[in-house]
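So the structure is just underneath, and the comments pick up after that.
The values are calculated or read from the model by the stated rules, or taken from the named source; none is laboratory data. The model shown is predicted, which means the values in this text are computed figures rather than measured ones. Using ideal geometry, Cβ is built from the backbone for each residue, glycine included, and neighbour counts are taken over all protein chains shown.
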Amino acid sequence: MKKYFYSDGVDKFGPYTIDELHGKMITKDTKVWYEGLGEWQTAGSLPELNDLFRASPPPISTGASSSYGGPLDQQHRPPKNWLVESILSTLFCCLPFGIAGIVNAAKVESRYYAGDIEGANRAAADAKKWTMISFWIGFAFIALYIVFIIFAAVAGDL
Amino acid sequence: MTKKGFLILIGAFILIAGLIIFRNFNPYESKFFIQCPFLKITGLKCPGCGSQRALHYLANFELIKAFKENCILVCSIPYIIGGVVLELKQPTKEVLSTRKLLYSTNAIYVILVIIIAFWILRNVIH
C-alpha cells in the first residue's frame, strides 16, 4: 500500500495511508509526497487523493501568509489595535495623532481578517507608535503648562 | 512590582486625581485649565473641544450639560468601556464575533466618519 507524507510548509508528517489522511487537515493546496514521486506535489494534482477534499471546507482566506490552507485560527484575537487609546487621544489630547491611530487600528483589523498576519502586526506597531507619541506630547504639554502656572503664580506674588 | 501593576497604579492615581479636580473646578470659571491649541490657533473647534467641561459636568452627574459640551465624548463612554471589557475577556467564539462586529474594520471606519463629521458640523452649525 502506498504511504504518503504531507507538509504544512514547515514540517513534514507521515507516512500515512490514504485512510489515515482522512483525519488530517489536507486541502488541495497541501503538499504531499510518496516514494516514487520525484517532487512534492499539491494534493489536488493527485487524482487518488480527491476523496479527501469532499468533506473538508475550502480555505477561508487567500492572504499572503496562508501557505497552509487550513482555516484561520478562530480562537485567537487580532493583535492589539489601540483603538480605544486612539479615540481617547483624539478626544483629549492630540487630534492628528489620534486620527492616525484610528486609521492604523482599521488596518490591523482588515489585514488580520484577510489573513495577512504580518501586515496586521506592522499596523499594530504603527498604531502603538502614534498612541505613544500622543501620550508623551500630551504629558509634556500638561507638565509644561503646570510649570507655567506655578511660575506665573510666583511671579504674580512678587 | 511588575510593570503592568505599576501602570495600573499610575492610571488609578490619575483617574482619582482627575475626578477630584474635575468635580470641584469648572473649566469655564477657573483659569487653570489648558485651552485647546487648535482652537487658539485657528479659531475652530476640534472634536475634543469641550471635553474638559464635559468631564466636569459628568463628575457632577449633570449628563445633559455634559452632552451639550461634547456629545461625542459622552456617547463614547459606553463604547470605550465595552471595548476594554472585550479586550480583557477570554477570547471565546462569542467574544471574538462581538468584537469583530463592533470593534473591527467597518466599525472603526464608521467611528472615523462620525468624528470627522462632528468636527465639521460643530463649526458650521451653532
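Can you name the number of the only condition in (1) away from chain A (no Cβ under 11 Å); (2) at pLDDT below 90; (3) outside any helix (DSSP H, G or I) that residue B:91 fails?
(1)
So residue B:87 passes all but one of these: (1) surrounded by fewer than 15 Cβ atoms within 10 Å (Cβ to Cβ); (2) more than 15 Å from the chain's Cα centre (by Cα). Which condition number does it fail?
Here residue B:87 meets the rest and fails (1).
Of the residues in the range B:91-111, how many are buried (at least 17 other Cβ atoms within 10 Å of the Cβ) and not aromatic (Phe, Trp, Tyr)?
Kept after step one, since they are buried (at least 17 other Cβ atoms within 10 Å of the Cβ), are these residues of the range B:91-111: B:96, B:99-100, B:103-105, B:107-108, B:111.
Now drop any that are not not aromatic (Phe, Trp, Tyr), which leaves B:96, B:99-100, B:104-105, B:107-108, B:111.
Qualifying residue count for the region: 8.
Could you list, in sequence order, the residues of the range A:124-157 that are in contact (Cβ under 8 Å) with a residue 40 or more places away in the chain, more than 9 Å from chain B (Cβ to nearest Cβ) and not basic (Lys, Arg)?
Within the range A:124-157, A:124, A:127, A:130, A:131, A:134, A:135, A:137, A:138 meet the criteria.
Output the residue which, of all residues in the range A:100-133 that are more than 9 Å from the chain's Cα centre (by Cα) and of a type in the set (Ser, Thr, Tyr), is nearest to residue B:111 (Cα to Cα).
A:110
Name the residues in the range A:88-97 that are in a helix (DSSP H, G or I) and either facing chain B (nearest Cβ under 8 Å) or hydroxyl-bearing (Ser, Thr, Tyr) (or both), would you? Lay out the reasoning, then the answer.
Pass one, the range A:88-97, residues in a helix (DSSP H, G or I): A:88-92, A:95-97.
Across the range A:88-97, the qualifying residues are A:88, A:89, A:90, A:91, A:92, A:95.
Table: residues versus (1) surrounded by 15 or more Cβ atoms within 10 Å (Cβ to Cβ); (2) aromatic (Phe, Trp, Tyr); (3) modelled with pLDDT of 80 or more.
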residue	(1), (2), (3)
A:2	no, no, yes
A:5	yes, yes, yes
A:9	no, no, no
A:17	no, no, yes
A:23	no, no, no
A:26	yes, no, no
A:30	yes, no, yes
A:34	yes, yes, yes
A:39	no, no, yes
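Could you say which residue among B:104, B:97, B:30, B:76 is at pLDDT 90 or above and hydroxyl-bearing (Ser, Thr, Tyr)?
Numbers: B:104 fails: at pLDDT 90 or above; B:97 fails: at pLDDT 90 or above; B:30 fails: at pLDDT 90 or above.
Unique residue meeting the criteria: B:76.
A quick yes/no check of all residues on (1) part of a helix (DSSP H, G or I); (2) away from chain A (no Cβ under 11 Å):
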position	(1), (2)
B:20	yes, yes
B:32	no, no
B:40	yes, yes
B:54	yes, no
B:64	yes, yes
B:68	yes, yes
B:86	yes, no
B:107	yes, no
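Just a yes or no: is a residue in the range A:52-72 at pLDDT below 65, within 12 Å of chain B (Cβ to nearest Cβ) and outside any helix (DSSP H, G or I)?
Scanning the range A:52-72 turns up at least one residue that is at pLDDT below 65, within 12 Å of chain B (Cβ to nearest Cβ) and outside any helix (DSSP H, G or I).
If you take the residues of the range B:42-52 that are under 13 Å from the mean Cα position of the chain (by Cα) and more than 9 Å from chain A (Cβ to nearest Cβ), which of them is nearest to residue A:89 (Cα to Cα)?
If we take residues in the range B:42-52 being under 13 Å from the mean Cα position of the chain (by Cα) and more than 9 Å from chain A (Cβ to nearest Cβ), then B:49 is nearest to residue A:89 (Cα to Cα).
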